[in-house]
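Engineer: First, the structure itself, so that you have it in front of you.
The values are calculated or read from the model by the stated rules, or taken from the named source; none is laboratory data. Bear in mind the structure is a predicted one, so any value in this text is a computation, not a measurement. Don't worry about glycine lacking a Cβ; one is built from the backbone with ideal geometry, like all the others, and counts go over all protein chains shown. Keep in mind that these areas ignore ligands, DNA and RNA; they rest on the heavy atoms of the full protein, side chains included. Shrake-Rupley method; radii C 1.70, N 1.55, O 1.52, S 1.80 Å.
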Amino acid sequence: MPEALIIGAGIVGLSVALALQRDGHRVTVLDPAGPAGGASFGNAGWLSGASVVPSAYPGMLKSVPGWLLDPLGPLSLRWRYLPKAAPWLWRFLRAGTTPQIRAQARALRELLAPSVAAHRALAEAVGATHLMHRHGALWVYRTETAFRADAAGAALRRANGIEVDDLDADALRQLEPSLSRDIRFARFISENGHCADPGELCRLGAETLVRDGGQVLRERAVAIEQRDGRVVAVRTDQANHALDWLVLAAGAWSAPLAAQLGDRVPLESERGYHLEITASEAMPRLPIMSGEGKFAVTPMAGRLRLAGTVEFAGLDAPPDWRRADLLLRQARALFPALPETMPEARLSRWLGHRPSTPDSLPVIGRSRAAANAIHAFGHGHVGLAGGPFTGTLVADLIAGRTPPIDLAPFSPGRF
Ligand SMILES: Cc1cc2nc3c(=O)[nH]c(=O)nc-3n(C[C@H](O)[C@H](O)[C@H](O)COP(=O)(O)OP(=O)(O)OC[C@H]3O[C@@H](n4cnc5c(N)ncnc54)[C@H](O)[C@@H]3O)c2cc1C
């Protein structure tokens with residue numbers, strides 16, 4: 001039985017692990033934090049085949065200077081971190097030309113269109129169907145100016161075959177009565193789904209993997225040993241693991257390990273926060289994106305999760321919890337039922353690291369240095385949605401099957 005070692009037990013690593021186990025591999029997953037110890041725990045839960053608008057699209061770039069001047073705006077940069085982030089930010093700005101945006105959107109659509117179906121298959125395999133919902137998603141706006149400002153994004157979605165319905169205030173009210181009457185403009189995308197507990201989904205995935213003979217070890221990969229163009233073993237902080245196949249799925253922490261495999265990938269943490277309210281007074285039926293605040297509101301199992309914002313400060317800087325609290329303040333403007341004050345015991349806050357590339361596309365493909373090492377990281381804002389399908393793509397590469405989509409846009413060598 002071939003031995004497959006996967007670095008990282010987030011949604012991507014676990015999806016790869018389960019797909020390889022189905023293909024007859026003996027699978028070991030390494031993660032010092034255990035299942036969903038990274039971004040896969042606290043994200044907004046969106047399974048959005050419609051998330052094809054790259055971060056660097058021109059409409060967004062115009063807003064950046066204003067956002068940066070506001071320390072609690074949807075995008076922030078800790079100025080001390082600027083020298084470190086500058087090369088990535090420079091590439092990010094250059095990735096925002098119209099032809100590139102169109103190509104990135106096409107590639108994202110190929111990767112994400114199967115996300116609801118791939119999640120359903122994963123959920124069936126790991127006993128998580130109760131967490132999967134398909135009610136569509138809403139993008140909502142207080143002002144017509146903000147609604148119009150997002151028209152280019154909606155046009156890009158439509159150009160990629162996504163049905164986007166513009167709603168008037170009455171139609172919006174009927175679809176989601178919990179929203180404030182001040183919210184008068186919206187777009188609805190019916191194909192989207194959501195997962196009501198991404199951390200629990202990963203936990204069930206790991207449990208299934210172990211039940212069927214795999215292992216999840218709380219170890220940190222430190223060095224990748226190679227001989228004659230192949231990886232032979234991974235050294236961790238505790239042991240040495242021999243292997244036949246290696247998959248690197250360490251999310252925002254992947255770049256130094258990818259460099260050991262000959263691939264210099266510009267990868268940055270786009271830090272994001274969530275604030276959760278247990279027994280929330282407002283509980284929308286479907287996920288909602290605030291067009292003005294650029295954050296998501298998702299009905300989770302027993303909680304309301306507010307998640308979003310982007311902060312550039314690296315992997316190690318302490319959290320700035322004001323950014324999580326800001327989400328609550330903004331959510332009150334969306335949902336009048338949310339009270340002005342709430343006991344602290346009902347709130348929980350979380351910081352996570354989106355593994356982001358400058359062109360908003362993940363890195364999926366064989367490493368430059370070793371024929372038996374595959375990269376599967378860099379999914380940025382869409383890794384929950386894209387994780388399970390990425391798992392099957394990696395399994396296809398390892399089995400020598402032709403993947404159902406063109407993987408050239410995701411090539412590790414593109415930088
Ligand atoms: C606020 C926020 C909201 C989001 N909302 C959504 C959403 O609604 N929909 C969506 O699709 N995506 C969303 N995302 C993005 C999504 O969460 C990520 O793209 C996805 O979780 C990445 O999964 P991953 O498995 O690649 O990485 P992670 O989940 O971060 O997992 C990587 C793992 O690697 C481990 N690791 C690191 N170094 C090592 C090492 N040396 N050895 C072993 N293991 C190691 C880490 O401990 C970690 O557990 C959101 C992200 C944030 C922050």
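Engineer: To the nearest 0.05, what FRET efficiency results for Gln174 and Arg346 with a Förster distance of 35 Å applied to their C-beta separation?
Structural biologist: So, using R0 = 35 Å, E works out to roughly 0.75.
Engineer: Give me the extension gain from Arg264 to Arg106: residue separation times 0.36 nm, minus the current Cα-Cα distance, reported in nm with one decimal.
Structural biologist: 54.4 nm
Engineer: Okay, moving on. Just the projected area, averaged over all directions, of the convex hull on the alpha carbon atoms of the stretch 321-377: how many nm²?
Structural biologist: 7.1 nm²
Engineer: About its Cα centre, how strong a charge dipole does the stretch 316-415 have in debye, to the nearest 20, once Lys and Arg get +1 and Asp and Glu get -1 at the Cβ?
Structural biologist: Dipole about the Cα centre, nearest 20: 20 debye.
Engineer: Can you tell me the length gained on complete extension of the stretch Asp237 to Arg332, counting 0.36 nm per residue apart and subtracting the Cα distance?
Structural biologist: This chain segment gains 29.7 nm when fully extended.
Engineer: Would you mind classifying the stretch 190-331 by shape? Square roots of the alpha carbon gyration tensor eigenvalues, ordered a ≥ b ≥ c; an a/c under 1.5 is rounded, otherwise it is prolate if a/b is larger than b/c and oblate if not.
Structural biologist: It is prolate, given that a/c is not under 1.5 and a/b is the larger ratio.
Engineer: Work out Dmax and Rg for the stretch 142-183 from the C-alpha atoms and quote the Rg first, both in angstrom.
Structural biologist: 11.8, 32
Engineer: Give me the percent of the accessible area of the stretch 350-415 that comes from carbon and sulfur atoms, probe 1.4 Å, all protein chains in place.
Structural biologist: 54 percent
Engineer: To continue, here is another question. How many percent of the alpha carbon pairs in the stretch 99-243 exceed a separation of 23 Å?
Structural biologist: I get 60 percent for the Cα pairs in the stretch 99-243 exceeding 23 Å.
Engineer: While we're here: So what is the accessible area of the stretch 82-121 per residue, in Å², with the probe set to 1.4 Å?
Structural biologist: That works out to 53 Å² for each residue.
Engineer: Here's a follow-up. If you split all Cα-Cα distances of the stretch 1-143 into 10 Å bins from zero, what percentages do you get per bin, shortest first?
Structural biologist: Taking every Cα pair in the stretch 1-143, the percentages come to 9, 25, 33, 24, 8, 1.
Engineer: Using the Cα centre as the reference, give the magnitude of the dipole from point charges on the C-beta atoms of the chain (Lys, Arg: +1; Asp, Glu: -1; all else neutral), rounded to the nearest 20 debye.
Structural biologist: 680 debye
Engineer: Report the one residue of Pro114, Leu156, Trp139 whose Cα lies farthest in the direction of the positive end of the charge dipole of the stretch 107-185 (charges on C-beta: Lys and Arg +1, Asp and Glu -1; origin at the Cα centre).
Structural biologist: Checking the options against the dipole of the stretch 107-185, the answer is Pro114.
Engineer: Quick one: work out the % antiparallel among DSSP beta bridges in the chain, nearest 5.
Structural biologist: 70 percent
Engineer: How high is the relative contact order of the stretch 280-325, in percent, with contacts defined as C-alpha pairs under 8 Å that are six or more residues apart?
Structural biologist: 25 percent
Engineer: Trypsin sites (Lys or Arg not before Pro), restricted to the stretch 7-109: which are DSSP loop and have at most 16 other Cβ atoms within 10 Å?
Structural biologist: Here the sparse-neighbourhood loop sites are Arg78.
Engineer: Sort the stretch 54-97 into rounded, prolate or oblate with this rule: let a ≥ b ≥ c be the square roots of the eigenvalues of the Cα gyration tensor; rounded if a/c is under 1.5, and if a/c is not under 1.5, prolate when a/b is larger than b/c, oblate otherwise.
Structural biologist: Note, shape of the stretch 54-97 comes out oblate.
Engineer: At a 10 angstrom cut-off on C-beta neighbours, averaged per residue, how do the peptides 199-210, 177-188 rank from highest to lowest?
Structural biologist: In descending order of packing, they fall as 199-210, 177-188.
Engineer: For the stretch 153-233, take the alpha-carbon Rg, divide it by the Kirkwood Rh, and send me Rg/Rh.
Structural biologist: That ratio equals 1.28.
Engineer: Would you calculate a helix-derived [θ] at 222 nm for the chain, using -39,500 (n - 2.57) for each DSSP H run of n ≥ 4 and dividing by the full residue count, to the nearest 500?
Structural biologist: -10000 deg cm²/dmol
Engineer: Want the number for Leu69 to Thr143: 0.36 nm per residue separation, take away the alpha-carbon distance, what's left?
Structural biologist: Residue separation times 0.36 nm, minus the Cα-Cα distance, leaves 24.5 nm.
Engineer: Separate question: Provide the per residue accessible area, probe 1.4 Å, for the stretch 256-415, rounded to a whole number of square angstrom.
Structural biologist: On a per-residue basis, the stretch 256-415 sits at 34 Å².
Engineer: Using a probe of 1.4 angstrom, how much of the accessible area of the stretch 268-327 is carbon and sulfur, in percent?
Structural biologist: Ligands and nucleic acids excluded, carbon and sulfur reach 59 percent.
Engineer: Based on Cβ point charges of +1 for Lys and Arg and -1 for Asp and Glu, what charge dipole magnitude is obtained for the stretch 242-390 about its Cα centre, in debye rounded to the nearest 20?
Structural biologist: Here the stretch 242-390 has a charge dipole of around 200 debye.
Engineer: Next up: If the viscosity is 1.002 mPa s and the temperature 20 °C, what Stokes-Einstein diffusion coefficient in µm²/s follows for the chain when Rh is the Kirkwood radius over Cα pairs?
Structural biologist: Answer, rounded: 99 µm²/s.
Engineer: If you roll a 1.4 Å probe over the stretch 2-139 with all protein chains in place, what percent of the accessible area is carbon or sulfur?
Structural biologist: Within the stretch 2-139, the accessible surface is 60 percent carbon and sulfur.
Engineer: Another one. Please compute the alpha carbon radius of gyration of the stretch 111-181, then divide it by the globular-protein estimate 2.2 N^0.38 Å. Two decimals is fine.
Structural biologist: 1.41
Engineer: Give the long-range amide H neighbours of Gly10: residues separated by 5 or more places, or on another chain, with amide H under 5 Å away, using H modelled in the peptide plane at 1.01 Å from N.
Structural biologist: Amide H neighbours of Gly10: Ala36.
Engineer: For the stretch 357-415, what class follows from the C-alpha gyration tensor (a ≥ b ≥ c being the square roots of its eigenvalues): rounded when a/c is under 1.5, otherwise prolate if a/b is larger than b/c, else oblate?
Structural biologist: Here the stretch 357-415 falls in the oblate category.
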